[in-house]
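K.L.:
Quick one: the structure is below, questions incoming.
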């Protein structure tokens, strides 16, 4: 989940919680400067925990989009999305 202020500036990236109800998810297309990739350590890395929080002090902004959101990380999820969007 993404937290932001009234100017749409991202203030934090929070892990999934057991909280009920809607929230903002972090998803979409990301554009990184080459220096960001050079700073990633070897081994497993979490974008949300290890990478995204780093530039928050520099100013990261998010635009809220309304509509349906679906995860397509597993083959059965992708197949379901294909049926939904036909």
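Here, each number is a calculation from the coordinates, and none is a lab measurement. This is a predicted model, so every value here is computed, not measured. Cβ placement follows ideal geometry from the backbone for every residue including glycine, while neighbour counts extend to all protein chains displayed.
K.L.:
At a threshold of 8 angstrom on Cα-Cα distance, excluding pairs fewer than six apart, so keeping six or more, what relative contact order does the chain reach in percent?
P.N.:
31 percent
K.L.:
In nm, to one decimal, how far is the modelled label at residue 31 from the one at residue 6, with both set 7 Å along Cα→Cβ?
P.N.:
According to this spin-label approximation, the distance is 2.8 nm.
K.L.:
How far apart, in nanometres, would the label points at residue 40 and residue 83 be if each is projected 7 angstrom from Cα along the Cα-to-Cβ direction?
P.N.:
Going by the 7 Å Cα→Cβ label model, 3.4 nm.
K.L.:
For the chain, take the alpha-carbon Rg, divide it by the Kirkwood Rh, and send me Rg/Rh.
P.N.:
1.00
K.L.:
Specify the angular offset, from 0 to 90 degrees and rounded to the nearest 10, of the alpha carbon long axis of helix 75-84 from the longest principal axis of the alpha carbons in the chain.
P.N.:
60 degrees
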